[in-house]
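Since the structure comes first, as structure tokens, the remarks are kept for the end.
Rule-based calculations on the coordinates, nothing more; no lab input. Fair warning: this is a prediction, and the values are worked out from it, not measured in the lab. In this analysis, Cβ positions are derived from the backbone assuming ideal geometry, glycine residues included, and neighbour counts consider all displayed protein chains.
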Amino acid sequence: MSSILLLHGPNLNLLGQREPEIYGHATLADYVANCTEWAREIGFDLEHLQSNHEGDLVDAIHSARGRHAAIVINAGAFTHYSWSLHDALATFHGPIIEVHISQPNAREPWRHTSVIAPVASGSIAGFGMLGYRLAIEAVSRIVR
């Protein structure tokens, strides 16, 4: 299992268009292309899924069990209330890295709580694209 599952939640398909003053101008395709390259550099394949539907992400996490070495997840707004993602991630036996492009704790109070963090190996927030590179590097160090 030398692959990483990269998951993106709701509205992240609009990266580059939605609130560029917060999320920047890079598109989701830019993020996936960079992550694919960074994973390849350290000997991992990368599979990606973005969905605006919670159940799709839960299904992807379930199918990752035994197939992927790690999960990198930006759950978007699901971060703050999706106990189904929390429970699904808790069944995954491998590193889980939570990533956020912006810094949720510097934004609205409802963004300050993550229900993903308690089941994640670690969280990276506020570094934009760099946060994803750090997440891929973390996976490499934890798995190897």
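The table below gives the values:
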quantity: Residue 85 vs. criteria farther than 15 Å from residue 10 by Cβ, among the aliphatic types (A, V, I, L, M) and surrounded by 14 or more Cβ atoms within 10 Å (Cβ to Cβ); calculated: no
quantity: Selection within the stretch 32-45 - buried (at least 20 other Cβ atoms within 10 Å of the Cβ) and within 15 Å of the chain's Cα centre (by Cα); calculated: 35, 38, 39
quantity: In the stretch 60-82, the residues that are surrounded by fewer than 18 Cβ atoms within 10 Å (Cβ to Cβ), closer than 17 Å to residue 8 by Cα and among the small types (Gly, Ala, Ser); calculated: 63, 77
quantity: In the stretch 7-27, the residues that are surrounded by fewer than 16 Cβ atoms within 10 Å (Cβ to Cβ) and either assigned to a helix (DSSP H, G or I) or charged (D, E, K, R) (or both); calculated: 14, 18, 19, 20, 21, 22
quantity: Candidate set: the stretch 56-74, residues that are among the hydrophobic types (A, V, I, L, M, F, W, C) and assigned to a helix (DSSP H, G or I); chosen: the one nearest to residue 2 (Cα to Cα); calculated: 64
quantity: Residues located in the stretch 75-96, provided they are in contact with a Lys or Arg (Cβ under 8 Å, 6 or more places away or on another chain) and in a loop (DSSP other than H, G, I, E, B); calculated: 91, 92, 93
